1. Between the DSSP loop rule and a limit of at most 15 other Cβ atoms within 10 Å, which GluC sites (Glu not before Pro) in the range 39-147 are left?
2. Sort Leu22, Leu129 from largest to smallest accessible area, using a 1.4 Å probe on the heavy atoms of the protein chains.
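The values are calculated or read from the model by the stated rules, or taken from the named source; none is laboratory data. Please read these numbers as outputs of a predicted model, since none were measured by experiment. Note that each Cβ is placed from the backbone with ideal geometry, even for glycine, and that neighbours are counted across all protein chains shown. The area values use the complete protein model at the heavy-atom level, side chains included, leaving out ligands, DNA and RNA. Shrake-Rupley method; radii C 1.70, N 1.55, O 1.52, S 1.80 Å.
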Amino acid sequence: LAASPGAGFAERRGGGRKRVILDVDPGIDDAVALLFAHYSPAIDLVGITTVFGNTSLEKGTRNSLYIKEKFGIAANVYAGAAAPLYRPPPRIPTFVHGQDGLGDVEPRIAPSIEASRLSAPEFIARTILDNPGEITVISVGPFTNLMLARLLAPEIVGKVREIVVMGGAAGFAGE
(Lines give C-alpha, C1' and ligand atoms only; values in the text may rest on other atoms or scores of the structure.)
Protein backbone atom coordinates (compact mmCIF):
# COMPACT_ATOMS: atom_id res chain seq x y z
CA LEU A 1 0.00 0.00 0.00
CA ALA A 2 2.97 2.32 0.28
CA ALA A 3 3.15 2.42 -3.52
CA SER A 4 1.17 4.83 -5.66
CA PRO A 5 -2.44 3.66 -6.02
CA GLY A 6 -2.07 3.68 -9.81
CA ALA A 7 -3.45 5.46 -12.83
CA GLY A 8 -7.07 6.45 -12.71
CA PHE A 9 -7.30 6.23 -8.92
CA ALA A 10 -8.02 9.93 -8.40
CA GLU A 11 -10.82 9.85 -10.96
CA ARG A 12 -12.48 6.87 -9.23
CA ARG A 13 -12.52 8.77 -5.92
CA GLY A 14 -15.30 11.01 -7.23
CA GLY A 15 -18.93 11.26 -6.11
CA GLY A 16 -21.05 8.63 -4.44
CA ARG A 17 -18.53 7.80 -1.75
CA LYS A 18 -19.65 6.90 1.77
CA ARG A 19 -18.68 9.47 4.39
CA VAL A 20 -17.00 7.37 7.07
CA ILE A 21 -15.74 7.74 10.61
CA LEU A 22 -13.35 4.84 11.24
CA ASP A 23 -13.18 3.87 14.94
CA VAL A 24 -9.98 1.87 15.51
CA ASP A 25 -7.63 0.36 18.09
CA PRO A 26 -4.51 -0.08 15.93
CA GLY A 27 -3.08 -2.98 16.23
CA ILE A 28 -1.82 -4.49 13.04
CA ASP A 29 -5.29 -5.38 11.68
CA ASP A 30 -6.71 -1.91 12.25
CA ALA A 31 -3.64 -0.29 10.69
CA VAL A 32 -4.46 -2.24 7.53
CA ALA A 33 -8.16 -1.30 7.83
CA LEU A 34 -7.15 2.37 8.07
CA LEU A 35 -5.07 2.10 4.90
CA PHE A 36 -7.87 0.27 3.06
CA ALA A 37 -10.31 3.04 4.05
CA HIS A 38 -7.86 5.75 2.98
CA TYR A 39 -7.21 4.22 -0.43
CA SER A 40 -10.75 3.02 -1.13
CA PRO A 41 -12.46 4.87 -3.98
CA ALA A 42 -15.79 4.15 -2.21
CA ILE A 43 -14.90 5.93 1.06
CA ASP A 44 -14.57 9.58 2.06
CA LEU A 45 -12.73 9.22 5.38
CA VAL A 46 -13.98 12.14 7.51
CA GLY A 47 -12.34 11.15 10.80
CA ILE A 48 -10.29 8.54 12.62
CA THR A 49 -11.29 7.84 16.22
CA THR A 50 -9.18 5.74 18.55
CA VAL A 51 -10.05 3.47 21.45
CA PHE A 52 -8.21 1.04 23.75
CA GLY A 53 -8.14 -2.60 22.65
CA ASN A 54 -5.33 -4.19 20.68
CA THR A 55 -3.06 -1.72 22.45
CA SER A 56 -3.44 1.13 24.91
CA LEU A 57 -5.32 4.27 23.88
CA GLU A 58 -2.05 6.20 23.94
CA LYS A 59 -0.26 3.76 21.63
CA GLY A 60 -3.29 3.30 19.37
CA THR A 61 -3.62 7.05 18.94
CA ARG A 62 0.12 7.36 18.29
CA ASN A 63 -0.13 4.53 15.73
CA SER A 64 -3.04 6.25 13.97
CA LEU A 65 -1.12 9.54 13.85
CA TYR A 66 1.94 7.72 12.51
CA ILE A 67 -0.10 6.09 9.73
CA LYS A 68 -1.89 9.38 8.96
CA GLU A 69 1.43 11.18 8.63
CA LYS A 70 3.31 8.43 6.76
CA PHE A 71 0.56 7.89 4.16
CA GLY A 72 -0.75 11.46 3.84
CA ILE A 73 -4.22 10.78 5.22
CA ALA A 74 -6.24 14.01 5.41
CA ALA A 75 -8.71 12.91 8.12
CA ASN A 76 -7.99 14.08 11.66
CA VAL A 77 -7.39 11.70 14.56
CA TYR A 78 -9.52 11.92 17.74
CA ALA A 79 -8.56 10.02 20.90
CA GLY A 80 -11.38 8.33 22.77
CA ALA A 81 -11.97 5.81 25.53
CA ALA A 82 -8.96 4.46 27.43
CA ALA A 83 -10.90 1.68 29.18
CA PRO A 84 -14.26 -0.12 29.18
CA LEU A 85 -17.21 1.54 30.89
CA TYR A 86 -18.28 -1.26 33.22
CA ARG A 87 -15.60 -3.91 33.50
CA PRO A 88 -11.87 -4.08 34.17
CA PRO A 89 -9.61 -3.32 31.21
CA PRO A 90 -8.69 -6.42 29.22
CA ARG A 91 -5.14 -7.67 28.90
CA ILE A 92 -3.46 -6.09 25.88
CA PRO A 93 -2.48 -8.81 23.37
CA THR A 94 1.19 -7.87 22.98
CA PHE A 95 1.87 -11.46 21.91
CA VAL A 96 -0.10 -10.65 18.72
CA HIS A 97 0.49 -6.94 18.09
CA GLY A 98 3.86 -6.39 19.82
CA GLN A 99 4.75 -3.83 22.45
CA ASP A 100 4.09 -0.91 20.08
CA GLY A 101 0.86 -2.33 18.65
CA LEU A 102 2.27 -2.53 15.13
CA GLY A 103 4.30 -5.70 15.45
CA ASP A 104 7.46 -3.99 16.73
CA VAL A 105 8.65 -3.52 13.15
CA GLU A 106 9.65 0.12 13.46
CA PRO A 107 12.51 1.04 15.75
CA ARG A 108 10.58 4.09 16.90
CA ILE A 109 7.09 5.31 16.09
CA ALA A 110 7.11 9.04 16.70
CA PRO A 111 4.69 11.10 14.61
CA SER A 112 5.32 14.84 14.48
CA ILE A 113 1.57 15.60 14.50
CA GLU A 114 -0.96 15.53 17.32
CA ALA A 115 -4.52 14.33 17.77
CA SER A 116 -7.37 16.81 17.78
CA ARG A 117 -8.32 18.30 21.13
CA LEU A 118 -11.92 17.20 20.56
CA SER A 119 -12.54 13.74 22.01
CA ALA A 120 -13.61 10.83 19.82
CA PRO A 121 -17.13 10.62 21.33
CA GLU A 122 -17.61 14.39 20.88
CA PHE A 123 -16.39 14.18 17.28
CA ILE A 124 -18.65 11.23 16.49
CA ALA A 125 -21.72 12.93 18.01
CA ARG A 126 -21.08 16.35 16.41
CA THR A 127 -20.32 14.92 12.99
CA ILE A 128 -23.48 12.79 12.94
CA LEU A 129 -25.65 15.67 14.20
CA ASP A 130 -24.15 18.10 11.67
CA ASN A 131 -24.62 15.61 8.79
CA PRO A 132 -27.87 13.73 9.47
CA GLY A 133 -28.25 10.55 7.44
CA GLU A 134 -24.83 10.93 5.82
CA ILE A 135 -22.29 9.41 8.22
CA THR A 136 -21.35 5.74 8.38
CA VAL A 137 -19.39 4.68 11.46
CA ILE A 138 -17.13 1.68 10.95
CA SER A 139 -16.03 0.31 14.30
CA VAL A 140 -13.30 -2.32 14.30
CA GLY A 141 -12.40 -2.12 17.99
CA PRO A 142 -14.33 -1.97 21.25
CA PHE A 143 -17.57 0.01 20.90
CA THR A 144 -16.92 2.29 23.88
CA ASN A 145 -16.57 5.47 21.80
CA LEU A 146 -19.92 4.77 20.14
CA MET A 147 -21.64 4.28 23.48
CA LEU A 148 -20.09 7.45 24.91
CA ALA A 149 -21.23 9.39 21.82
CA ARG A 150 -24.75 8.00 22.31
CA LEU A 151 -24.72 8.99 25.99
CA LEU A 152 -23.49 12.45 25.02
CA ALA A 153 -26.12 12.96 22.31
CA PRO A 154 -28.86 10.28 22.32
CA GLU A 155 -30.46 11.81 19.21
CA ILE A 156 -27.59 10.52 17.03
CA VAL A 157 -29.31 7.12 16.98
CA GLY A 158 -31.84 8.33 14.40
CA LYS A 159 -29.34 10.41 12.45
CA VAL A 160 -26.47 8.03 11.70
CA ARG A 161 -26.57 6.50 8.20
CA GLU A 162 -25.28 3.14 9.36
CA ILE A 163 -22.91 1.45 11.77
CA VAL A 164 -20.66 -1.29 10.46
CA VAL A 165 -18.86 -3.39 13.06
CA MET A 166 -16.26 -6.08 13.31
CA GLY A 167 -17.25 -7.74 16.53
CA GLY A 168 -18.07 -10.79 18.48
CA ALA A 169 -16.34 -13.06 20.93
CA ALA A 170 -15.79 -16.78 21.25
CA GLY A 171 -14.98 -18.31 24.58
CA PHE A 172 -15.62 -15.09 26.47
CA ALA A 173 -16.41 -15.48 30.16
CA GLY A 174 -15.89 -19.23 30.00
CA GLU A 175 -18.56 -19.92 27.38
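1. Working: sites: Glu58, Glu69, Glu114, Glu122, Glu134; in loops: Glu114, Glu134.
Here the GluC sites (Glu not before Pro) that fit, given the DSSP loop and packing criteria, are Glu114, Glu134.
2. Numbers: Leu22 5, Leu129 60 Å².
Greatest to least solvent exposure: Leu129, Leu22.
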